[in-house]
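The values are calculated or read from the model by the stated rules, or taken from the named source; none is laboratory data. Everything numeric in this text was worked out from a predicted model, so none of it was measured. Neighbour counts run over all protein chains shown; Cβ positions are idealised from the backbone, glycine included.
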Amino acid sequence: MQTRPGQDATSRPQPVTANAPVSDFWSPCLRNPGTPLTPPPGVWDTWNVDESVITGVKRIFDECRRLSELTGRPFSPDGHLVGSLGEVFAAETLNLRLMTPSNRGFDAVDDNGQKVEIKATTRTSIALSAAGTDAKRLVVVQFDENGQGRITYDGPADAAWNAAGPPQANGQRQISVATLKRLAEGTQNSLFTD
């Protein structure tokens, strides 16, 4: 697992409380000082995800919802933000080594040295590059409105690209999460040990 600033390879950071210092990345999302924060129930607490990452992601979604309620304007985590959240979530969950942001052709490398493309969404579909990918493995993370994430696909990249719709004018091909889930039913981790 990757280490973060202030964390050595043998320790994990302590759980974060709302009044504890956090990195500049999460600090705009602090709320309710003094209230202990806990991971959301469900799949999060069953995965090997750093608790401070879980808490930070939940804070982002909570703040977006709060700002929407206060202003009547939509504040939604999307675009690069949800992509980065998904990459970190997948890396923490699946023990992937992330490449530098905007790496060409793939986002991470797994323990077998295979290239991994990571996609994240808050909706019911994802966009894939019409040009394809250099990755052998595709991981898709879907976040709900509370910031609870789950891996909805972890399988061969070529199967997803082959099942995606035709290229659009923007150079992307769409595939639904439902289609990815159907593809995942036939996939096994042995595909990644070749």
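Does any residue of the range 109-117 turn out to be out of contact with any Phe, Trp or Tyr (no Cβ under 7 Å at 6 or more places or on another chain) and within 22 Å of Gln172 (Cβ to Cβ)? No, every residue in the range 109-117 fails to be out of contact with any Phe, Trp or Tyr (no Cβ under 7 Å at 6 or more places or on another chain) and within 22 Å of Gln172 (Cβ to Cβ). May I ask you to list the residues in the range 57-99 that are in a loop (DSSP other than H, G, I, E, B), farther than 19 Å from Gln148 by Cβ and modelled with pLDDT under 90? Gly72, Arg73, Pro74, listed by residue number. Kindly check whether there is at least one residue in the range 158-168 that is free of Cβ contacts under 8 Å to residues at least 12 places away in the same chain, farther than 21 Å from Ile54 by Cβ and loosely packed, with under 13 Cβ neighbours inside 10 Å. Yes: the range 158-168 contains one or more residues that are free of Cβ contacts under 8 Å to residues at least 12 places away in the same chain, farther than 21 Å from Ile54 by Cβ and loosely packed, with under 13 Cβ neighbours inside 10 Å. Looking at this structure, is Thr122 in contact with a helix residue (DSSP H, G or I) (Cβ under 9 Å, 6 or more places away or on another chain) and hydroxyl-bearing (Ser, Thr, Tyr)? Judged against the criteria, Thr122 is a match. In the range 147-155, is there at least one residue being farther than 21 Å from Ala184 by Cα and crowded, with 18+ Cβ neighbours inside 10 Å? Looking for residues that are farther than 21 Å from Ala184 by Cα and crowded, with 18+ Cβ neighbours inside 10 Å, one finds at least one in the range 147-155, hence yes. The test for being outside the structural domain of Val141 (by TED's automatic domain parsing), under 18 Å from Gln148 (Cα atoms) and at pLDDT below 90 holds for Val53. Only one of Asn103, Asn112 is free of Cβ contacts under 8 Å to residues at least 24 places away in the same chain, more than 22 Å from Cys64 (Cβ to Cβ) and of a type outside the set (Ser, Thr, Tyr). Can you tell me which? Testing whether each residue is free of Cβ contacts under 8 Å to residues at least 24 places away in the same chain, more than 22 Å from Cys64 (Cβ to Cβ) and of a type outside the set (Ser, Thr, Tyr) leaves just Asn103.
With the structure loaded, tell me whether Ile175 is part of a strand (DSSP E or B), within 30 Å of Arg66 (Cβ to Cβ) and at pLDDT 95 or above or whether it fails that test. Here the answer is no, as Ile175 does not meet what is asked. Just one of the listed residues (Arg104, Arg150) is of a type outside the set (A, V, I, L, M, F, W, C) and part of a strand (DSSP E or B), and it is Arg150. Residue count for the range 82-100 satisfying the condition of being free of Cβ contacts under 8 Å to residues at least 60 places away in the same chain and more than 20 Å from Leu180 (Cα to Cα): 5. Gly165 falls short on exactly one of the conditions (1) over 19 Å from the mean Cα position of the chain (by Cα); (2) more than 24 Å from Ser76 (Cβ to Cβ), and that condition is (2). Tallying residues that are touching a Ser or Thr at 6+ places or on another chain (Cβ under 9 Å) and not in a strand (DSSP E or B) within the range 115-132 yields 2.
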